[in-house]
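J.: Below: one structure in structure tokens.
The values are calculated or read from the model by the stated rules, or taken from the named source; none is laboratory data. Everything numeric in this text was worked out from a predicted model, so none of it was measured. Using ideal geometry, Cβ is built from the backbone for each residue, glycine included, and neighbour counts are taken over all protein chains shown. The accessibility values were calculated without ligands, DNA or RNA, using every heavy atom of the protein model including side chains. Shrake-Rupley method; radii C 1.70, N 1.55, O 1.52, S 1.80 Å.
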Amino acid sequence: MMSHAQSTRLPWVDTRSAIVGVLTLWMMLAPRSSFGQFSVDQLPIPNSGTGARAFAGSNGQQVGVSLLSVGHAYLWNGPTGAVIDLSVGALGSTCCAVSGTYQAGSYVYKTVHTSGSGRGGGGSRTYFVSHAALWHGSATSMVDLNPNGVYQSVVLGMDSQHQVGWQGPDYYGTAHATLWSGTAASAVSLEPSGFAQSKAIATSGPEQVGSGTSNAGAVHALLWHGTAASAIDLNASGLGAVSSAAEAVDGVANIQGGYVYLGSTYSLPHACLWHGTAASAIDLNPQGYSGSECLAVSGPLQAGYGVTAANRSHAMVWKGSSSSAIDLHSFLPAKYIASVAYGMDPDGSIVGAASEGNLWCPVIWRPSNARYVSAAQTVAPGSSGWSSLSTKVTMTSPYALASTIVYTVNGGAPERVSGASVVINLSTTGTNVIQAYATSGSQKTAPMYYTANVDLTPPTTSESYADGSLSVVASDQGSGVVATYLGIDGASAAIYKGPTTLANTTHQIEYWSVDRVGNTEKHKVATLAATPPTINSISPSSALSGTSDLTLTVMGQGFISSSYVQWNGLSLKTTFLSSSTLQATIPASDLAAAGTSQLKVTNPTPGIGTTAALAFSILQRATCTGGATNVGDGGQGTFDLSPVTAHTGFTLNGGAVHILTTSSTVFMDASGAAISSAMFFDNLGDGQVVSVVGAIASQGGPVSAWTIQLN
């Protein structure tokens, strides 16, 4: 949507776009204790990854992405707390937003490989198809927000009630702004009339912001109030903007942040601030910086980055004007060469990332005189962010004297503890969310959240066996199942990969599952009993007397490789095709005379049982010898034989036999050669026709073929 404008933005700033598109975060209005001095904390890079970025913060927690072999969505509990892997599947994920105890972003649902020029050219390409996702503190809690019938989707921002982003009909990246309310079914399109594409990037209270590409190709910042029809074009033409995007919003204060391109989209963008209208736009680009972008808004403050004369991005914070800008990069250690502020926490801190060159590190800038409750967890969680043992979380007040810590666990009744710290014991499997704040006299910290995932129970696995198909299904209350193992008939157990087809004989199986923290289920054993076979149908179901050897197809269930067909109690030569299909040969000697025979299928040991009998009819072949024929009947397709001198296989009714012919009737001469296949045969003489095959008689009993002797 914004490829033309983005072409001049700094590549290390646009990493989020490479993962899920342009990212911006909403932050609520919160009191600030100072403006101008900051301390810096680095968040841990999980699992020895090649870098990480924090994109958003809320109440002491941060979310973002860590770069391993693929991107992994992560939730941080501050610089000293547990780090939780939110990734789903093996293809990658990212977390863009956090509000309260929920997190949102997207995961790669599948990849699509194309060859040839295709759309956009360039020969073969791989596209990553994403689904919007909502988490509640763990990977196993993820809710897929991709609307039914939509090819792909992404969440870029959220508040306590809504999520925003885009949905698309294809894998090329076509985007339509979308608003969710916690479920896939709640998705509402925000794309306004007159726009070909759009993205919603942030939401706060009644307001959502983003950008759209008009039918004329111009990219404009947009502001919504919950519906597509409410869209307001924020493009700041009064500043000379030729293109713009809104990427942050404080809906309570009616403040929007983003960027504008002034004069040309080939220059660097300028950070921009709006108050609900295009005419209210304020250029935030600081003096001495060649470009900038506002990525977060919280009350009177804005955060983002500015581009220095050396073409390096520096994290920035503003207070409503270009002259108020503070370069946050100046508070970082000297080893960092670039930085970006992506989001703002209601507690006053700013989250982002700083680069050492080849490594991006997630960082937090905190106002120097702000006070926070800190947390540390004993029994450190594993790489998945889950603890396999009971754990303790120590909450420490920033106040040295007369401190009280107030906390709740999982929304329970508040606990008030006097003192500088409190130890909270957690021994219940699941995601445990602690909310806490500290007081001392009239002083009070901002509330903070801490998520501790504890998994003390192994998975539970069950088997299902029907029609020869064995499935095992595992579930886990905590960290999630990492592998299920299955062994069959004494063979070594292997990782279960999907339904397994077994012969309809008795089997012994062993199975169990293991979760992500190593809890191993007690091995289960089961006996799968064989079941008797059944016959559904046979083809053909009858034959004429005198027929030569006949191949019979038997359809049913529960057949095994040694199954055989019985004919009146005697076995026939049988071929096993599948568990539902057999073929058998009925010899001509068993088809010589008219009558009824009984068919069954037997499964010998190690199978069990014999089917119920099914009747097979042998029909008397009809023949007729007669006198002169009446060939043709006014083109009605009939053949009359009169008088009849001899006949078998039917009862004569009257002195003549009347044959109704069809387009498949074949008339043959004495040599057996067909002399006509036409439905009408007025041109045939009495002496020509020796036999008729395939005719249908209107007289007598069951007749499917005739042999007719003519005088």
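J.: Which residues, taken from region 494-530, are touching a residue at least 60 places away in the same chain (Cβ under 8 Å), exposed (fewer than 12 other Cβ atoms within 10 Å of the Cβ) and assigned to a strand (DSSP E or B)?
T.: Within region 494-530, just Thr501 meets the criteria.
J.: Yes or no: region 52-73 includes at least one residue that is open to solvent by 20 Å² or more (accessible area, probe 1.4 Å), out of contact with any strand residue (DSSP E or B) (no Cβ under 8 Å at 6 or more places or on another chain) and on the phi > 0 side of the Ramachandran plot.
T.: So far as region 52-73 goes, no, none of its residues is open to solvent by 20 Å² or more (accessible area, probe 1.4 Å), out of contact with any strand residue (DSSP E or B) (no Cβ under 8 Å at 6 or more places or on another chain) and on the phi > 0 side of the Ramachandran plot.
J.: Which numbered condition trips up Gly165, out of (1) buried (at least 24 other Cβ atoms within 10 Å of the Cβ); (2) among the small types (Gly, Ala, Ser); (3) over 24 Å from Gly240 (Cα atoms); (4) touching a Phe, Trp or Tyr at 6+ places or on another chain (Cβ under 7 Å)?
T.: Result: Gly165 fails condition (4) only.
J.: For region 597-609, name all the residues that are open to solvent by 70 Å² or more (accessible area, probe 1.4 Å) and modelled with pLDDT of 95 or more.
T.: Gln598, Lys600
J.: Still on this structure, I have one more. Out of region 531-574, which residues are part of a strand (DSSP E or B) and either aromatic (Phe, Trp, Tyr) or open to solvent by 70 Å² or more (accessible area, probe 1.4 Å) (or both)?
T.: The answer is Asn536, Thr551, Gln557, Tyr564, Trp567, Leu570, Ser571, Lys573.
J.: Tally the residues that are touching a residue at least 40 places away in the same chain (Cβ under 8 Å) and outside any loop (DSSP other than H, G, I, E, B), restricting the search to region 195-227.
T.: Number satisfying all stated conditions: 20.
J.: Find all pairs meeting these conditions: Cβ atoms under 9 angstrom apart; at least six residues apart or on different chains; first residue within region 44-64 and free of Cβ contacts under 8 Å to residues at least 24 places away in the same chain; second residue open to solvent by 20 Å² or more (accessible area, probe 1.4 Å) and not polar (S, T, N, Q).
T.: Ser48/Leu68; Gly49/Leu67; Gly49/Leu68; Gly49/His72
J.: Let me ask something else. Could you list, in sequence order, the residues of region 407-466 that are in contact (Cβ under 8 Å) with a residue 60 or more places away in the chain and aliphatic (A, V, I, L, M)?
T.: Selection gives Val433, Ala436, Ala438, Ala446, Met448, Ala452, Val454, Leu456.
J.: Where in region 352-414 are there strands (runs of 3 or more DSSP E), lying wholly inside it, with at least 3 residues that are open to solvent by 30 Å² or more (accessible area, probe 1.4 Å) and not small (Gly, Ala, Ser)?
T.: Once the strands (runs of 3 or more DSSP E) in region 352-414 are filtered for at least 3 residues that are open to solvent by 30 Å² or more (accessible area, probe 1.4 Å) and not small (Gly, Ala, Ser), what remains is 391-396.
J.: Go through region 77-118 and report how many residues are part of a strand (DSSP E or B) and either in contact (Cβ under 8 Å) with a residue 24 or more places away in the chain or open to solvent by less than 30 Å² (accessible area, probe 1.4 Å) (or both).
T.: 19
J.: Which number in (1) at pLDDT 90 or above; (2) within 30 Å of Ala310 (Cβ to Cβ) marks the one condition that Asn59 misses?
T.: The one condition Asn59 does not meet is (2).
J.: Going through region 475-490 one residue at a time, which ones are open to solvent by 60 Å² or more (accessible area, probe 1.4 Å) and more than 27 Å from Thr429 (Cβ to Cβ)?
T.: Asp489, Gly490
J.: What residue, among those in region 242-276 that are in a strand (DSSP E or B) and open to solvent by 10 Å² or more (accessible area, probe 1.4 Å), is nearest to Thr308 (Cα to Cα)?
T.: His270
J.: Could you list, in sequence order, all residues of region 603-620 that are in contact (Cβ under 8 Å) with a residue 60 or more places away in the chain and β-branched (Val, Ile, Thr)?
T.: Ile608, Thr610, Thr611, Ile618
J.: Suppose the filter is out of contact with any His (no Cβ under 9 Å at 6 or more places or on another chain) and not charged (D, E, K, R); does Ala236 pass it?
T.: Considered against the rule, which asks whether it is out of contact with any His (no Cβ under 9 Å at 6 or more places or on another chain) and not charged (D, E, K, R), Ala236 comes out as yes.
J.: Against the condition surrounded by 17 or more Cβ atoms within 10 Å (Cβ to Cβ), over 39 Å from the mean Cα position of the chain (by Cα), more than 29 Å from Gly157 (Cα to Cα) and of a type outside the set (Val, Ile, Thr), how does Ser440 come out, does it pass?
T.: Answer is yes for this residue.
J.: So, of the residues in region 415-437 that are open to solvent by 30 Å² or more (accessible area, probe 1.4 Å) and of a type outside the set (Ser, Thr, Tyr), which turns out to be farthest from Ser141 (Cα to Cα)?
T.: Of everything passing the filter in region 415-437, Ala420 is farthest from Ser141 (Cα to Cα).
J.: Then there's this: Based on what the data block shows, is Gly343 open to solvent by less than 30 Å² (accessible area, probe 1.4 Å), of a type in the set (Gly, Ala, Ser) and modelled with pLDDT under 95?
T.: No: the conditions fail for Gly343.
J.: Out of all the residues in region 141-162, which are over 14 Å from the mean Cα position of the chain (by Cα) and more than 19 Å from Gln197 (Cβ to Cβ)?
T.: The answer is Ser141, Met158, Asp159, Ser160, Gln161, His162.
J.: Any idea which of (1) assigned to a loop (DSSP other than H, G, I, E, B); (2) charged (D, E, K, R); (3) modelled with pLDDT of 95 or more is the one Asp170 doesn't satisfy?
T.: For Asp170, the failing item is (3).
J.: Identify the residue in region 463-474 that is modelled with pLDDT of 95 or more and in contact with a Pro (Cβ under 7 Å, 6 or more places away or on another chain) and, among all such residues, is least open to solvent (accessible area, probe 1.4 Å).
T.: Checked region 463-474; the qualifying residue least open to solvent (accessible area, probe 1.4 Å) is Leu470.
J.: Pull up region 610-629, narrow it to residues that are assigned to a loop (DSSP other than H, G, I, E, B) and open to solvent by 60 Å² or more (accessible area, probe 1.4 Å), then point me to the one that is modelled with the lowest pLDDT.
T.: Here the answer is Ala628.
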